[in-house]
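Heads up, the thing below is written out as structure tokens.
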2 protein chains.
Amino acid sequence: MGKFADKYFKVCPWEVVEEGFDPEYGRVSESIFSLGNEYMGVRGYFEEGYSGDKLQGSYLNGIYEENITEKSAYKGISNRGTFMVNGVDWLYTRLELDGEELDLARSKISSFKRRLDMKTGVLTREFLWYTKTGKELRVEFSRFLSMITPRLGCQRITLEPVNFSGKIAVKAGLDFSPIHETMQRSLWDCLKQGISDGVTGSLGRTKSSGQMVYAGFKIQSKQPLDYTYVEKDKLNYLGFDIALDKGKGTCFDRTAVVHAEKNTVKNPEKVWSEGSELANLYGAKKYDEVLAENRAYWNDIWNTFDVSIEGDDDNQQGIRYCIFQMHQTYHGEDSDMNIGAKGLTGEAYGGNAFWDTETYCLPFYLFNNPKAARNLLEYRYNTLPQAIERAGDLDCDGACYPIATLDGTESCTLWQHASLQFQPSTAVAYGIRHYVKITGDKAFLYEKGLEMLVQICHFLATRGQWSSRTGKFGYYGVMGPDEFQMMVNNNCYTNFMAKKTFEYTIDVLSETKAVKPEAYAQIQKKLGLDEAELDNWSRMAENMRIPLEEATGIYEQHEGYFDLPHIDIKAIPVTDFPLYHNWSYDRIYRNDMIKQPDVLMFMFLHNQDFSCQSKKVNYEFYEPRCIHESSLSPSVHSVLASELGRHREAFDFFSFATRMDLDNYNRNTREGLHTTSIAAAWVNIVYGFGGMRSDGEMLLFNPSIPAAWKSYSFRVLYRNAVLEVKVMKETIIFKTINSLETKIKIYGKDYSIGGEALEIPVPEEWRG
Amino acid sequence: MGKFADKYFKVCPWEVVEEGFDPEYGRVSESIFSLGNEYMGVRGYFEEGYSGDKLQGSYLNGIYEENITEKSAYKGISNRGTFMVNGVDWLYTRLELDGEELDLARSKISSFKRRLDMKTGVLTREFLWYTKTGKELRVEFSRFLSMITPRLGCQRITLEPVNFSGKIAVKAGLDFSPIHETMQRSLWDCLKQGISDGVTGSLGRTKSSGQMVYAGFKIQSKQPLDYTYVEKDKLNYLGFDIALDKGKGTCFDRTAVVHAEKNTVKNPEKVWSEGSELANLYGAKKYDEVLAENRAYWNDIWNTFDVSIEGDDDNQQGIRYCIFQMHQTYHGEDSDMNIGAKGLTGEAYGGNAFWDTETYCLPFYLFNNPKAARNLLEYRYNTLPQAIERAGDLDCDGACYPIATLDGTESCTLWQHASLQFQPSTAVAYGIRHYVKITGDKAFLYEKGLEMLVQICHFLATRGQWSSRTGKFGYYGVMGPDEFQMMVNNNCYTNFMAKKTFEYTIDVLSETKAVKPEAYAQIQKKLGLDEAELDNWSRMAENMRIPLEEATGIYEQHEGYFDLPHIDIKAIPVTDFPLYHNWSYDRIYRNDMIKQPDVLMFMFLHNQDFSCQSKKVNYEFYEPRCIHESSLSPSVHSVLASELGRHREAFDFFSFATRMDLDNYNRNTREGLHTTSIAAAWVNIVYGFGGMRSDGEMLLFNPSIPAAWKSYSFRVLYRNAVLEVKVMKETIIFKTINSLETKIKIYGKDYSIGGEALEIPVPEEWRG
């Protein structure tokens, strides 16, 4: 796999710690120390200003700018890209002592330490500052975002003079001028600034999309402060002095509100007054009070859903960091929000959500936070009108979900992806099926899920075509999830997932007709669905072309794939990576190398549809052809390798899953965290080593344990029961921690698990 | 085919005539009345100014602007498009009578007549102008471009007052402000303007590319004129009065020089002085003197290469118009120039040259003007360095000729075309072969042709790949000339033409080794060519994958083509055309519909490699699948239909070839003429009805005659002999008009043709 760890951060079970500051590593650290609370996110940048290299990012979920390019002369090609826009610096601070401004790129400092506490979500940074005038001051910045009150962020600055007493000049402000990295300029106009009732406020509006953000804050300090209020272009701040007393720590706090308004026609004055009201209300909260709420929130999370690993400190810290970041990025607060490929931690992929949401993130929430899982599906329901419009742009009926999106519209302006990849639509269908199966939430299915399923089927039925020669139904001119086979006919993944979507939808419709005739009638009426159409879908599903070489049992990724020139991927020089930068664009697409394994992917998703032998031959065929240029690819390999008893290989593929970012394996963590890969790490432990399968009528477990681990345990929420699985070298203990009974299958045998621990030996072949 | 004729222009044997002016048809007429002399072109716009709808175009061959878009993150994708830029209006004129400016959009006129004389190349426009003050003035504008002196254009304005005597105010100037249509602005800066030695001059420079154009003119008038010189932004002009005498015609002439400088680092002062010198020299020429030269030039052309058709006035005018426009567009003056898809008559396709040059235009010149044919190939030799660089961009060795170009670099920024279509490279190789075969010019082959051939083979050898499963060599991820099958493997055309290129190059190398060892040694040394490489090429040619269904003899256009969903193209509603505007982009690419016939195309080019039966089954299979969205497609069908004895069908496919633009069949003549299709019309008569074949060792003829024609005749230059073929209903007469003997094959029998007429009966099966 040719990936190497940077060992920069300290390995601790509940913290991420940086000791000493390496400016070369500054952007990576900013990413790693990102905070988020679903509503907003802020990178771990230095709020006191920093003249060195940085990506000073502050983002709001769903607040975007547009990039509108020349309208294509061709139909169905989107010319409007949207991207999550770097917004207001609500932590803006400047410290000046004896006329010298603190700036870690220039100031003399020592004892630098930055620390993210995963039990509270607090990021702390401390160091000693030596001024040119010989003064020595201990400085500590703390910040966190409230997990309870979405718009609220807190900051505490503690100052402790070591060798002097005196005054320090402080500026605490709101700044809309930070540049959006990829555009190299600020994309905000500042509409209004002001101070009233102790709230300093500022209102910005994006230049193209016209969305608005209000930021406001209060300063809380035991020491009475004498403020000067200053406005400067897109920045406004309070200036004040803090009296310092030698050897004694003094602190002041900021409680800030950031309020986003997506409705672009709303009167800015109204946004200002709404924001001001919230800032008044939440701004009055005390730092310690909000912190206590956060501690309780995280305590609850860890008590219920921690994954513990004994005997592997690296992965222990890694998996906790993954779980921590997942909850920070999304926890189901709002069904108008989704999960960008980099969460709220950077600009890459423009904050857009992809099929990763349903494919990789949804399982995590299904078993940890079903409300969040449901809200992710509600997001797709809310954006169904956009998906219907998109299908129309593609000359099809029904709904085609976008390959990349912020607001439900197609944000990908590369036609080859936007017009040829359909895995988002089948992923939504899969997500509905998965959600309903695990939660039993039929109400959602009847009210919303069914409508999406039917619309997706409409799309699949009109986008597909019959070959008159083979008599088969299939998809021509498509790209599967594997983006290295660009424009092919009858991609196995696309066709198989379409087949399953038709079948599930038909099943659900027939069940609905029987069980909920009024819901069925409503859908029929609303969508003009007739029996002939259902027959059509049946025929399509039944005659779906799934290229398979009978003799070997190997699925052909697409028609003609087996005839492609072969590349020995191990012979590609490491300096050729990433290939997109070093190989001519078309060169990537004309051989049997794959970026991620389409065939293995559908065998993972519909795991129980395939025999072990089938998985084995396909794994053995495709694994050597896959270069894993998608960060999601190794986990799928790891999960299947576990199932196939290739435990060593499973562990090798897992080896950097939990620490992808902590150890900067892909050398691009500086751009932001691989948020959706973080979800895959959890999947890798629970589905891979834990051997859980959730695609059938019952949860299955076939746990194995990596040789290097002493034990590991995880918990999953399943129809209200919290099931704990603790896997040791020789035995496994199953129980539910909330005493509810649940039926599961372990190593092929049925069990009913309750509050009492059930101990089962690990069979020889499952020991890693 | 669903194309309909606009019958707007009068049908005359030697003229194109418009009687009465229809503003709705203004842009079409501007295109039709375009003049060109290879060096420059000017649309038939109204030089006196026109406030109605127009495309006021004036172009210089090879003078372009650049459109540089954001650099792609992917390798090998060009981000620099070049396009022939609308330049100086050197005909700028304004006429003012009693304060009223002549403007055909507003003025009251009658008896409008516009006339293009194909025996002189003069465009004349006359009408009666009625002023608001009741005056009546006959106005006549004439213009032509010198076919002898590339930079020279002439204009004559004749004024004849019907009912008054008096003065008319005239402005005659140079204007760099006309907008470039697609950009909606002028793309020129005016660097210098001035008047000296009776020459009014102006120097412009393109804003991005930095190329320069000097324009200068002299006014010649029997009447002594009193000039005022005026400069205004990008316009400068002479203002003067002309005295008018009732009932008497008065005229004045302008002789203008337009001098283009492609060297962007040249000192503008130097360009100015060079231009001024030329303007002084040529400007002194008299209008009638230059006109006489033109008349002689055209006389020579028509005497030698006219195609005459008895019994079909429409096609008679049409084919003469085609021949006229071909010579106007290109006649081999300069090997730094090429032939844009629309010649010098409009902005569509940006003036770029395509593979059409070697495939459709070259045969016309081969048999009419071998110097021009050679210069077209010299152009490819001159731009070999750019083609080598382009191959490097695509991670290949050798030379890859661009899909669209002005200066030899790839000007197409759509990667799917620029990176996947290789017909330009094999077309250059084919062109070299064709040229050498017809002219016998081996010197060119040894000096330049061979080097191009070897470099093209280097490219073909490194772009192709071996399939380990089939053991065959081929091209993966390509688009053939048929752009409706976008990204396929082993396109028949690509592979077959590559095979022929390898074979021809190997033959030429072995012949050179034997006959010209020093030339061989030089090539070997220059290009580092070794025997192993030649063996490689042999193996590639021998094992080239050419998909063929043995049972039927039908070539499969590419692997998997036969399995594609079928579309009945006749069932597509006419309102869906053009498909690119009305169908989702990807929808076009996923069925068996083709835009142009790749298989028939290589059967046309290498005609004698295929049996009649093979042509028959392939014609019958592909013809119903082709929608001819390329204007070049019908001619290929017509030629093969003639060969297959489908004479009625051949004539139907031919029916709009000669009058594509005169009758505006494609409804887009307003954008400019279909210059490369014009060449195909000639090919259609000579290769189609004339049944000439030039791909073997000897010229063959199998003439047929359309039922509607009484007779037709054409002439071809073949190894210095001018062979005339006159086909009548029952007999054909062959002779050479310059008395040289030449050997040809007629209906399969060998003949030697000389100055004496040989009469041969038309066999029954060849009568249309």
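Computed from the coordinates by the stated procedures, all read-outs in this text should not be read as laboratory data. For clarity, every value in this text was computed on a predicted model and none was experimentally measured. Cβ: placed from backbone, ideal geometry, glycine included. Neighbour counts: every protein chain shown.
Working from Cα positions, state the angle (0 to 90°, nearest 10) between the long axis of helix A:384-393 and the longest principal axis of chain A.
60 degrees
Wrap a convex hull around the Cα atoms of segment A:326-697, take a quarter of its surface area, and give that in square nanometres.
Values: hull surface 71.4 nm².
It is 17.8 nm².
Just want to confirm a number: the relative contact order over chain B, from Cα pairs under 8 angstrom separated by 6+ residues, in percent.
Working: 1702 pairs, mean separation 91.7, N = 768.
Taking the mean separation of contacting Cα pairs over the length of chain B, I get 12 percent.
Okay, helix-only estimate at 222 nm for chain A: each DSSP H run of n ≥ 4 adds -39500 (n - 2.57), divide by all residues, round to 500 deg cm²/dmol; what do you get?
Values: 19 runs with 220 residues, N = 768.
Helix contribution divided over all residues of chain A: -9000 deg cm²/dmol.
Between segment B:148-193 and segment A:258-322, what's the alpha-carbon centroid distance in Å?
With segment B:148-193 and segment A:258-322 each reduced to a Cα centre, they are spaced 71 Å.
State, as an integer percentage, the relative contact order of segment A:236-362 based on alpha-carbon contacts under 8 Å between residues 6 or more apart. Present the calculation step by step, with values, prior to reporting the outcome.
On the way: 58 pairs, mean separation 15.9, N = 127.
Reported as a whole number, the value is 13 percent.
Give, to the nearest whole percent, the P(r) tail of the protein assembly as shown beyond 51 angstrom, counting all Cα pairs. Numbers along the way, then the final one.
Numbers: 539737 of 1178880 pairs.
I get 46 percent for the Cα pairs in the protein assembly as shown exceeding 51 Å.
Would you mind classifying segment B:33-275 by shape? Square roots of the alpha carbon gyration tensor eigenvalues, ordered a ≥ b ≥ c; an a/c under 1.5 is rounded, otherwise it is prolate if a/b is larger than b/c and oblate if not. Intermediate values should be presented prior to the final figure.
Values: a/c = 2.13, a/b = 1.79, b/c = 1.19.
Verdict is prolate for segment B:33-275.
How large are Rg and Dmax for segment A:481-537 when only the alpha carbon atoms are used, in Å?
Answer for segment A:481-537, Rg first and Dmax second: 15.3, 46 Å.
Loop only by DSSP, 13 or fewer other Cβ within 10 Å of the Cβ. Give me the chymotrypsin sites (Phe, Trp or Tyr not before Pro) in segment B:1-81 that pass, ordered by residue number.
Numbers: sites: B:Phe4, B:Tyr8, B:Phe9, B:Trp14, B:Phe21, B:Tyr25, B:Phe33, B:Tyr39, B:Tyr45, B:Phe46, B:Tyr50, B:Tyr59, B:Tyr64, B:Tyr74; in loops: B:Phe4, B:Tyr8, B:Phe9, B:Trp14, B:Phe21, B:Phe33, B:Tyr39, B:Tyr45, B:Phe46, B:Tyr50, B:Tyr74.
Qualifying residues, ordered by number: B:Phe4.
Return the lysines within reach of A:Lys266: Cα separation strictly under 23 angstrom, same-chain partners fewer than 8 residues apart disregarded; answer none if there are no such residues.
Reachable lysines: A:Lys192, A:Lys207, A:Lys234.
Would you list, by chain and number, the lysines whose Cα falls below 17 Å from the Cα of A:Lys132, excluding same-chain residues fewer than 8 positions away?
Output for A:Lys132: A:Lys108, A:Lys167.
Could you give the radius of gyration (one decimal) and Dmax (whole number) of the Cα atoms in segment B:63-198, in Å?
20.5, 71
At B:Leu644, with labels set 7 Å past Cα in the Cβ direction, how many nm apart are the copies from this one, shortest first?
In ascending order, 5.0 nm.
Which of the GluC sites (Glu not before Pro) found in segment B:486-552 are in a DSSP loop and have at most 14 neighbouring Cβ atoms, other than their own, within 10 Å? Working shown, then result.
Details: sites: B:Glu503, B:Glu511, B:Glu518, B:Glu531, B:Glu533, B:Glu542, B:Glu549, B:Glu550; in loops: B:Glu550.
Sites meeting the loop and neighbour criteria: B:Glu550.
Hey, any idea what the orientation-averaged projected area of the convex hull of segment A:184-301's Cα atoms comes to, in nm²? Walk me through the intermediate numbers first.
On the way: hull surface 42.2 nm².
Directional mean of the projected Cα hull area for segment A:184-301 stands at 10.6 nm².
Towards the positive end of the charge dipole of segment A:53-153, with charges on Cβ (+1 Lys, Arg; -1 Asp, Glu), say which of A:Tyr92, A:Thr131, A:Leu152 has the farthest Cα.
Towards the positive end, the residue furthest out is A:Leu152.
How much FRET efficiency would the formula 1/(1 + (r/R0)^6) give for B:Glu310 and B:Tyr229, where r is the Cβ-Cβ distance and R0 is 45 Å, rounded to 0.05? Please list the in-between numbers first.
Numbers: r = 55 Å, r/R0 = 1.23.
Approximately 0.20, to the nearest 0.05.
On average, how much area does the Cα convex hull of segment B:417-575 cover when viewed from any direction, in nm²? Present the calculation step by step, with values, prior to reporting the outcome.
Details: hull surface 49.6 nm².
Mean projected area for segment B:417-575: 12.4 nm², to one decimal.
Rounded to whole Å, how close does chain A get to the rotation axis onto B by Cβ? Give me the residue too, please?
A:Met487, 2
For A:Thr470, which inter-copy label distances result when the label point lies 7 Å beyond Cα on the Cα-to-Cβ vector, reported in nm to one decimal and in ascending order?
Counterpart label points of A:Thr470 in the remaining copies fall at 1.6 nm.
What is the magnitude of the charge dipole of the protein assembly as shown about its Cα centre, with +1 placed on the Cβ of each Lys and Arg, -1 on the Cβ of each Asp and Glu, and no other charges, expressed in debye to the nearest 20?
On the way: 172 positive and 210 negative charges, 228 e Å.
The calculation lands at about 1100 debye.
Excluding residues on the same chain fewer than 8 positions from B:Lys735, give the lysines whose Cα lies under 18 Å from its Cα.
B:Lys726, B:Lys743, B:Lys745, B:Lys749
Suppose you put the label 7 Å out from Cα in the Cβ direction; list, shortest first and in nm with one decimal, how far A:Ala551 is from each other copy's label.
Nearest first, the other copies' label points are 2.0 nm away.
Can you tell me the orientation of helix B:612-622 relative to chain B, as the angle in degrees between its alpha-carbon axis and the longest Cα principal axis, to the nearest 10?
Value to nearest ten degrees: 60.
How big is chain A along each principal axis, measuring the range of its Cα positions in Å and listing the largest first?
For chain A, the Cα spread along each principal axis is 86, 61, 55 Å.
Give me the inter-chain shielding for A:588-595: mean count of other chain Cβ atoms within 10 Å, whole number please. Mind dumping the intermediate values first?
Details: counts 3, 5, 10, 4, 3, 0, 0, 0.
Taking the mean over all residues of the peptide, I get 3.
Considering every residue in A:415-421, what mean count of other chain Cβ atoms within 10 Å of its Cβ is obtained?
On the way: counts 4, 6, 0, 2, 5, 4, 0.
The shielding value for this peptide is 3.
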